[in-house]
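A.B. asks: Pasting a structure here, questions to come.
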Amino acid sequence: MRVLIIGADTPVGLSLADTLAQRGREFVSLPRADCRWKSERQAKKSLRRAACDISVDTRIQSAADGGIQVHDIDIARSTWLARASQVLKLPYLHLSCARVFAGSAGRAYREEDHPDGQSTISDLLCQAESTVRDSCEQHLILRMGPVFAPAGINVITHMLRQLNEGEQLHLSREQQGCPIATEDAAWVISGMLDQISCGLQAWGIYHYCSPDITNCFEFAEVLLAAASQYRDLDAEAVQLVPTEAAITVRNLDCNKIRNTFAIKQQPWRASVADHVKQYYNGTVTEEKRVDESNRHRDASA
């Protein structure tokens, strides 16, 4: 099966490309800059040119997790992709996230639960899901917990940047969820693609997240412990802020994806140390590159 990765330069897109390459799977990478179509004709042309058997769209999920504003044109592009996939008879895997839910159910959310999120991003995520469902019969919608990665815009890089700059993180325990390492997200998607390629036609909505509920404060404490091995960071850099806000828990019931695709949940904690190591290795490499560039500039002056 030849896979088109739409948004191949997002954290999940990059990890999916690595996973497919390691497994010897064919894929075509379409970075976000090449996905800024202005018409349905352009989107359809991109699908035709890629000549793939299925497309995986990471754009909306990446924007939601990275705090990047989602616009109406982004939803329109999801519509164009879904319609083009329907015409070309191509399956379309659309990534979404747990933020479609408010987090007040008091239990893990199932796929059939009505999205009850009240925020602007929740509404846009639901619009994207709805247009995919209505426009493409062979659709898969995968809602995930927040994805973290050692590069790109996500919770790990955001927190580490603040810690490196000597800032304190003032966080609460009220917002709770089940984060996912980007390589685990890629592993889940790859597993779904394998079975679709073998003829499984299990179209619809699926949920995946880690089995461990955490909050921003606890996650930051784990991150600080790992980062302290690479930088001299203040042990009090992560501060708990008591609030009277109601606790919200965006936990996803993952029984359907386990029963359909035999995919089991993976814990998130084991991945943090490796992600921090990759982050600092990348930061050091970039600092050396800039320093070397400055030395060459000074020598030529």
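A.B. asks: What do you reckon, is Val87 more than 14 Å from the chain's Cα centre (by Cα), outside any loop (DSSP other than H, G, I, E, B), of a type in the set (A, V, I, L, M, F, W, C) and surrounded by fewer than 17 Cβ atoms within 10 Å (Cβ to Cβ)?
C.D. replies: Judged against the criteria, Val87 is a match.
A.B. asks: Determine whether region 42-54 contains at least one residue that is closer than 15 Å to Met144 by Cα, of a type outside the set (Gly, Ala, Ser) and not in a strand (DSSP E or B).
C.D. replies: Within region 42-54, not a single residue is closer than 15 Å to Met144 by Cα, of a type outside the set (Gly, Ala, Ser) and not in a strand (DSSP E or B).
A.B. asks: One residue is enough: does region 208-224 have a residue meeting the conditions in contact with a Ser or Thr (Cβ under 7 Å, 6 or more places away or on another chain) and closer than 24 Å to Gly7 by Cβ?
C.D. replies: no
A.B. asks: Follow-up question, since we're still on this one. Which residue, of Ser190, Ser210, is among the hydroxyl-bearing types (Ser, Thr, Tyr), surrounded by 15 or more Cβ atoms within 10 Å (Cβ to Cβ) and assigned to a helix (DSSP H, G or I)?
C.D. replies: Selected residue: Ser190, the only one of Ser190, Ser210 that is among the hydroxyl-bearing types (Ser, Thr, Tyr), surrounded by 15 or more Cβ atoms within 10 Å (Cβ to Cβ) and assigned to a helix (DSSP H, G or I).
A.B. asks: Report, ordered by the first and then the second residue, all pairs with beta carbons closer than 6 Å, sequence separation of six or more or different chains, a first member in region 179-197 that is within 20 Å of Ile54 (Cβ to Cβ), and a second member that is at pLDDT below 95 and not in a helix (DSSP H, G or I).
C.D. replies: Cβ pairs passing all conditions: Ser197/Met1.
A.B. asks: Looking for whichever is charged (D, E, K, R), farther than 24 Å from Arg173 by Cβ and either modelled with pLDDT of 95 or more or assigned to a strand (DSSP E or B) (or both) here; the options are Arg77, Arg107. Which one fits?
C.D. replies: After ruling out the rest, the residue left standing is Arg77.
A.B. asks: Next up: Regarding region 133-151, can at least one residue be identified that is in contact with a helix residue (DSSP H, G or I) (Cβ under 6 Å, 6 or more places away or on another chain), within 25 Å of Ala50 (Cα to Cα), of a type in the set (Phe, Trp, Tyr) and at pLDDT 95 or above?
C.D. replies: No, region 133-151 has no match at all.
A.B. asks: Any idea how many residues of region 234-255 are assigned to a loop (DSSP other than H, G, I, E, B) and of a type in the set (Ser, Thr, Tyr)?
C.D. replies: 1
A.B. asks: Here is a follow-up. Looking at this structure, is Ser46 polar (S, T, N, Q), surrounded by fewer than 22 Cβ atoms within 10 Å (Cβ to Cβ) and over 22 Å from His207 (Cβ atoms)?
C.D. replies: In short, yes.
A.B. asks: Which one of these does Val147 not meet: (1) β-branched (Val, Ile, Thr); (2) surrounded by fewer than 20 Cβ atoms within 10 Å (Cβ to Cβ); (3) closer than 13 Å to Ala98 by Cα?
C.D. replies: (2)
A.B. asks: Do you know which of the residues in region 110-152 that are acidic (Asp, Glu) and not in a loop (DSSP other than H, G, I, E, B) is nearest to Val249 (Cα to Cα)?
C.D. replies: Asp123
A.B. asks: Shifting gears a bit: Quick one: Asp53 ticks every box in (1) buried (at least 20 other Cβ atoms within 10 Å of the Cβ); (2) touching a Pro at 6+ places or on another chain (Cβ under 9 Å); (3) under 20 Å from Arg2 (Cα atoms) except a single one, so which number is it?
C.D. replies: (1)
A.B. asks: Within the set of pairs 6 or more residues apart or between chains, which connect a residue that is more than 14 Å from Leu95 (Cβ to Cβ) inside region 11-25 to a residue that is in a helix (DSSP H, G or I) with Cβ atoms less than 6 Å apart?
C.D. replies: Here the result reads Thr19/Ala186; Thr19/Ser190, each pair linking region 11-25 to a residue that is in a helix (DSSP H, G or I).
A.B. asks: For region 90-119, which positions are in contact with a Ser or Thr (Cβ under 8 Å, 6 or more places away or on another chain), surrounded by fewer than 23 Cβ atoms within 10 Å (Cβ to Cβ) and over 18 Å from Pro146 (Cα atoms)?
C.D. replies: Leu90, Pro91
A.B. asks: Tell me yes or no: at least one residue of region 256-264 is free of Cβ contacts under 8 Å to residues at least 12 places away in the same chain and in a helix (DSSP H, G or I).
C.D. replies: Within region 256-264, one or more residues are free of Cβ contacts under 8 Å to residues at least 12 places away in the same chain and in a helix (DSSP H, G or I).
A.B. asks: Where residues in region 239-281 are of a type in the set (A, V, I, L, M) and within 15 Å of Ala220 (Cα to Cα), which of them is surrounded by the fewest Cβ atoms within 10 Å (Cβ to Cβ)?
C.D. replies: Ala270
A.B. asks: Working only within region 30-70, note down all residues that are at pLDDT below 95, farther than 16 Å from Asp9 by Cβ and among the small types (Gly, Ala, Ser).
C.D. replies: Within region 30-70, Ala64, Gly67 meet the criteria.
A.B. asks: When the residues of region 33-71 are filtered to those that are closer than 21 Å to Ala98 by Cα and free of Cβ contacts under 8 Å to residues at least 12 places away in the same chain, which remaining residue is nearest to the chain's Cα centre (by Cα)?
C.D. replies: Filtering region 33-71 for residues that are closer than 21 Å to Ala98 by Cα and free of Cβ contacts under 8 Å to residues at least 12 places away in the same chain, the one nearest to the chain's Cα centre (by Cα) comes out as Ala63.
A.B. asks: Moving to a separate point now. Scan Thr120, Thr131 and give me the residue that is at negative phi, touching a residue at least 12 places away in the same chain (Cβ under 8 Å) and of a type in the set (Ser, Thr, Tyr).
C.D. replies: None of the others qualify; the one that does is Thr131.
The values are calculated or read from the model by the stated rules, or taken from the named source; none is laboratory data. Everything quoted here is computed from the prediction, not taken from an experiment. FYI the Cβ positions are ideal-geometry reconstructions off the backbone, even for glycines, and counts take in every protein chain you see.
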